[in-house]
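Please read the structure below before turning to the comments.
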Amino acid sequence: SQTIHQWPATLVQPVGSPLSLECTVEGTSNPNLYWYRQAAGRGLQLLFYSVGIGQISSEVPQNLSASRPQDRQFILSSKKLLLSDSGFYLCALELDRGLYGYTFGSGTRLTVV
Amino acid sequence: GQQLNQSPQSMFIQEGEDVSMNCTSSSIFNTWLWYKQDPGEGPVLLIALYKAGELTSNGRLTAQFGITRKDSFLNISASIPSDVGIYFCAGKAAGNKLTFGGGTRVLVKP
């Protein structure tokens, strides 16, 4: 069965520091992968999606970037964090052309101080 | 682009009550999905709907795919404290990414 892993679960970073969040999947190949951000108690904002290695589409202009160095690895990065980057970051996996929607990771709670 | 309006934004439940929430879209979807997110966790799929008019249940949850293909609702019967969380609808048109509603936050009445 397909699984999706995200780490770390929580992160506190100072303003101006770099960021790297990792998402890996198991049990599938060539999945579509997504990064979402969620402000406290709010909806899901799509940040990036990837349909394959090296292929990244950005949904909103922002201080973040994404990379897909391997088929089952999706990384969210920033060179210099802003306070507004705080939030709950979710990685999602799409299987079967989305027939069953997305499977989400357990998320990373990022607090920029 | 596609937009999903989910309502209500939040609601209070009392144990034993039936509650409902709905989503409406500005465009047609081929698939409707309902997710639940517990605090500090990622959303988990509850129900998937694939055909207009389809009514599907999962335990105390029932969801319907609207006839117009532009709306869906989710009912929770006999609510219990663990029903609290954020419920998201999501719609998908062929070849497109999922579009999520803004979520309905379910809280327990004090």
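Conditions (1) under 11 Å from the mean Cα position of the chain (by Cα); (2) under 28 Å from A:G105 (Cβ atoms); (3) surrounded by 13 or more Cβ atoms within 10 Å (Cβ to Cβ); (4) within 11 Å of chain A (Cβ to nearest Cβ), marked per residue:
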{"position": "B:Q9", "(1), (2), (3), (4)": "no, yes, yes, yes"}
{"position": "B:F12", "(1), (2), (3), (4)": "no, no, yes, no"}
{"position": "B:S27", "(1), (2), (3), (4)": "no, no, yes, no"}
{"position": "B:N30", "(1), (2), (3), (4)": "no, yes, yes, yes"}
{"position": "B:E41", "(1), (2), (3), (4)": "no, yes, yes, yes"}
{"position": "B:K51", "(1), (2), (3), (4)": "no, no, no, no"}
{"position": "B:T56", "(1), (2), (3), (4)": "no, yes, yes, no"}
{"position": "B:A63", "(1), (2), (3), (4)": "yes, yes, yes, no"}
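Of the strands (runs of 3 or more DSSP E) lying entirely inside region A:1-89, those carrying at least 2 residues that are on the phi < 0 side of the Ramachandran plot and surrounded by 15 or more Cβ atoms within 10 Å (Cβ to Cβ) are A:3-7, A:10-13, A:19-26, A:32-38, A:44-52, A:65-70, A:73-78.
Taking (1) surrounded by fewer than 18 Cβ atoms within 10 Å (Cβ to Cβ); (2) facing chain A (nearest Cβ under 10 Å); (3) within 20 Å of A:Y36 (Cβ to Cβ) in turn, B:W34 satisfies each apart from (1). Scanning region A:19-47 for residues that are farther than 15 Å from B:F100 by Cα and within 12 Å of another protein chain (Cβ to nearest Cβ) turns up A:C23, A:N32, A:L33, A:A40. Taken residue by residue, region A:100-109 has no member that is part of a strand (DSSP E or B), in contact with a His (Cβ under 6 Å, 6 or more places away or on another chain) and either in contact (Cβ under 8 Å) with a residue 12 or more places away in the chain or farther than 26 Å from B:P39 by Cβ (or both).
When B:D18, B:D38 are checked against the criterion of being out of contact with any Cys (no Cβ under 6 Å at 6 or more places or on another chain) and under 30 Å from A:L11 (Cα atoms), a single residue qualifies: B:D38.
When residues in region A:75-97 are screened for being in contact (Cβ under 8 Å) with a residue 40 or more places away in the chain and within 14 Å of chain B (Cβ to nearest Cβ), 9 of them pass.
Counting only strands (runs of 3 or more DSSP E) that fall entirely inside region B:1-88 and contain at least 2 residues that are in contact (Cβ under 8 Å) with a residue 24 or more places away in the chain and polar (S, T, N, Q), the qualifying elements are B:4-7, B:19-25, B:31-37, B:71-76. Taking the stated definitions as given, is A:E22 charged (D, E, K, R) and more than 15 Å from the chain's Cα centre (by Cα)? Answer is no for this residue.
Here A:Y102 fulfils each of the conditions (1) within 12 Å of chain B (Cβ to nearest Cβ); (2) loosely packed, with under 13 Cβ neighbours inside 10 Å; (3) modelled with pLDDT under 95 apart from (2). Based on this model, can you work out whether A:S78 counts as more than 30 Å from B:N30 (Cβ to Cβ) and of a type in the set (S, T, N, Q)? In short, yes.
Of all residues in region A:90-99, those being of a type in the set (A, V, I, L, M) and assigned to a strand (DSSP E or B) number 3.
The values are calculated or read from the model by the stated rules, or taken from the named source; none is laboratory data. Note that the coordinates shown come from a computational prediction; the quantities given were computed from them, not determined experimentally. A quick note on method: Cβ atoms are made from the backbone with ideal geometry, for glycine too, and the neighbour counts reach across all protein chains shown.
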